[in-house]
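So the structure is just underneath, and the comments pick up after that.
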Amino acid sequence: MKKTEKPAVQKAWGGVFNQATDPRMEKFTESIHFDSRMYRQDIVGSQAHAKMLAKVGVLTDEECQKIVAGLDAIREEIEAGKFTYHIALEDIHMHIEKALIERIGDTGRKLHTGRSRNDQVSTDFRLWVRDAIDTLDGLLLNLQRAFVGRCDADFDCILPGYTHTQRAQPVLAPHYWLAYCEKYARDRQRLADCRRRVNTLSLGAAALAGTSIPIDRFETARLLGFEAVAANSLDVSSDRDFALEFTFDLALIAEHLSTWAEEWILWSTVEFNFIQLPQRFCTGSSIMPQKVNPDLLELIRGKTGRVVGDLQTLLVLVKGLPLAYNRDLQEDKPPVFDAFDTVSASLELAAEMVSDMRLNREGIREKLDRGYLDATTFMEYLIKKGIPQRTAHGMVGRLVRKAMDAGVRLADLPITDYQAECAELDASVYKVLGVERAVAAFVSYGSTAAKEVRKQINRWKKRV
């Protein structure tokens, strides 16, 4: 029979144990190395809990004041870099509680009345995600402002638009910039919608079934700015939907950033020569002296896979868990923190890249007539003359073939080539040919028509 031994370090949960925790177990199970970043949320949540306990008479006003002041002092100590962490204390919650007890004595032992670490962790995590959403919204807004800020100066620049990475139709440069703004607007909408579900109070669910202490969860919600109180203690103790939804939103932001990065990587090449990237966001080659590599854009594109992986981690983490808390959920925070850190850093740098990028107007202009960007507008000109779309499509296709074989633009073909397709055509056909005329022909809402783009620029200026 093995000799029993008391734990070497007194645990908050150690009363029933007669063996010390194996040091390897302490190292394997600790989370302080990543959840210490939630110290502000833990302190704010604990202060609100203490104030609620005082309101319902579980704590005296004096005890509440001692707890709140003690927690403020601990926060200052952490922020000053003077706080010591020990893996034996497992997580930020136990660290702060132990420090509070050491600071104010037995009064500190009363703080945990009416709550469990299960609902405490959930509440802290929700507070952290709520703060993170607000930070991301500001970063996305800054990126939108950077794109909108380019629109007036770039208004007269026409760019080739692409489908299948092949030249398709001409678009105004600000039409491109506002396309990105639309994507980031949807990202902000998703985050705002996610915030509503994040902003539900877990505290007071206790371990899983609630508590017999006469707490007032609605008062706690009011103090912490939560819009709702979780109605089922069993559900909320295990709920991590908010973390998965938040990380999905982060993954989609990363995907949108990756699309932009891929485009600008191509545009910065000699082959495209559309843009010149600010060199402070580029690096060189250790062997090729001439290289200016778009490393920031490449890493934004590459780190997207990392954020998608974080989402995958969370989906797998929760897929087989039964109701109520399971220790598996300790692993929910690293992927969320990583996804947030990656996306927020990408957004901050992206906004500066957008503001400082220079359009190579001469290089764009030199190649703008390549690719028959006016073909579709010419087809629509024929449609407006009463020619069925499919017929007009075939006619323009044959004319493009003639121009390609001759190595010229559509506008360079003689009128006899046009009349061979349709005898009614005359020299007025040249009024719709050419990139500038093609752009001028657009009229539909949301198109690249100058009038429509100007409306959208003005709309976006008001929005951001």
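For residues that are in contact (Cβ under 8 Å) with a residue 24 or more places away in the chain and open to solvent by less than 80 Å² (accessible area, probe 1.4 Å), tally how many sit in region 426-443.
Residues flagged as in contact (Cβ under 8 Å) with a residue 24 or more places away in the chain and open to solvent by less than 80 Å² (accessible area, probe 1.4 Å) within region 426-443 amount to 9.
For region 211-232, which positions are open to solvent by less than 30 Å² (accessible area, probe 1.4 Å) and among the small types (Gly, Ala, Ser)?
Across region 211-232, the qualifying residues are Ala221, Ala230.
Residues Arg222, Arg240: which one is free of Cβ contacts under 8 Å to residues at least 12 places away in the same chain and either within 22 Å of the chain's Cα centre (by Cα) or more than 30 Å from Arg167 (Cα to Cα) (or both)?
Testing whether each residue is free of Cβ contacts under 8 Å to residues at least 12 places away in the same chain and either within 22 Å of the chain's Cα centre (by Cα) or more than 30 Å from Arg167 (Cα to Cα) (or both) leaves just Arg222.
Out of everything in region 233-242 that is part of a helix (DSSP H, G or I) and farther than 22 Å from Val58 by Cα, what residue ends up being most open to solvent (accessible area, probe 1.4 Å)?
Checking each candidate, the answer is Asp241.
Return a yes/no flag: does region 444-463 have any residue that is within 20 Å of Pro174 (Cα to Cα), in contact with a Cys (Cβ under 7 Å, 6 or more places away or on another chain), surrounded by fewer than 19 Cβ atoms within 10 Å (Cβ to Cβ) and basic (Lys, Arg).
Checked against the condition, which is being within 20 Å of Pro174 (Cα to Cα), in contact with a Cys (Cβ under 7 Å, 6 or more places away or on another chain), surrounded by fewer than 19 Cβ atoms within 10 Å (Cβ to Cβ) and basic (Lys, Arg), region 444-463 yields no hits at all.
Considering (1) open to solvent by less than 30 Å² (accessible area, probe 1.4 Å); (2) in a helix (DSSP H, G or I), say which one Gly149 fails and leave the rest.
Status for Gly149: all satisfied but (1).
Which of the helices (runs of 4 or more DSSP H) found entirely inside region 23-126 contain at least 3 residues meeting this: of a type in the set (D, E, K, R)? Steps first, answer last, please.
Numbers: elements: 23-29, 32-35, 39-55, 61-79, 92-104.
Qualifying helices (runs of 4 or more DSSP H): 23-29, 39-55, 61-79, 92-104.
Search region 124-141 for residues being of a type in the set (Asp, Glu) and open to solvent by 10 Å² or more (accessible area, probe 1.4 Å), and hand back the single one that is nearest to Ala254 (Cα to Cα).
Out of the qualifying residues, it is Asp137.
Any idea which residue in region 327-360 is nearest to the chain's Cα centre (by Cα), counting only those that are among the aliphatic types (A, V, I, L, M), assigned to a helix (DSSP H, G or I) and closer than 20 Å to Cys151 by Cα? Write out each step before concluding.
To start, the set of residues in region 327-360 that are among the aliphatic types (A, V, I, L, M) comprises 329, 336, 339, 343, 345, 347, 349-351, 353-354, 357, 359.
Next, only the ones that are assigned to a helix (DSSP H, G or I) stay: 329, 336, 339, 343, 345, 347, 349-351, 353-354.
Among the residues that remain, those that are also closer than 20 Å to Cys151 by Cα are: 347, 349-351, 353-354.
Working: Leu347: 8, Leu349: 13, Ala350: 12, Ala351: 13, Met353: 17, Val354: 17 Å.
Filtering region 327-360 for residues that are among the aliphatic types (A, V, I, L, M), assigned to a helix (DSSP H, G or I) and closer than 20 Å to Cys151 by Cα, the one nearest to the chain's Cα centre (by Cα) comes out as Leu347.
Among what's in region 429-464 and is farther than 30 Å from Pro414 by Cβ and of a type in the set (Phe, Trp, Tyr), pick the residue that is farthest from the chain's Cα centre (by Cα).
So the residue we want is Tyr445.
Counting only residues that are open to solvent by less than 60 Å² (accessible area, probe 1.4 Å) and at pLDDT below 95, how many does region 58-91 have?
4
Of all the residues that make up region 92-106, how many are more than 14 Å from Asp35 (Cα to Cα) and open to solvent by less than 50 Å² (accessible area, probe 1.4 Å)?
6
Taking region 412-464, which residues are more than 30 Å from Leu140 (Cβ to Cβ) and part of a loop (DSSP other than H, G, I, E, B)?
If the condition is that a residue be more than 30 Å from Leu140 (Cβ to Cβ) and part of a loop (DSSP other than H, G, I, E, B), then Leu413, Pro414, Cys422, Ala423, Glu424, Leu425, Asp426, Leu433, Gly434, Val443 are the ones that fit.
Would you confirm whether any residue within region 337-345 is over 20 Å from Val171 (Cα atoms), among the aromatic types (Phe, Trp, Tyr) and either surrounded by 21 or more Cβ atoms within 10 Å (Cβ to Cβ) or without any contact (Cβ under 8 Å) to a residue 40 or more places away in the chain (or both)? Give the steps one after another, and end with the answer.
Filtering region 337-345 for residues over 20 Å from Val171 (Cα atoms) gives 337-345.
Imposing the further condition that a residue be among the aromatic types (Phe, Trp, Tyr) reduces the set to 337, 340.
Then keep just the ones that are either surrounded by 21 or more Cβ atoms within 10 Å (Cβ to Cβ) or without any contact (Cβ under 8 Å) to a residue 40 or more places away in the chain (or both); that gives 340.
Taking every residue of region 337-345 in turn, at least one turns out to be over 20 Å from Val171 (Cα atoms), among the aromatic types (Phe, Trp, Tyr) and either surrounded by 21 or more Cβ atoms within 10 Å (Cβ to Cβ) or without any contact (Cβ under 8 Å) to a residue 40 or more places away in the chain (or both).
The values are calculated or read from the model by the stated rules, or taken from the named source; none is laboratory data. This structure is a prediction, so every number in the text was calculated from the model and none was measured. As a convention, Cβ positions derive from the backbone with ideal geometry for all residues, glycine included, and neighbour counts pool all protein chains shown. Surface areas here come from the heavy atoms of the whole protein model, side chains and all, with no ligands, DNA or RNA. Shrake-Rupley method; radii C 1.70, N 1.55, O 1.52, S 1.80 Å.
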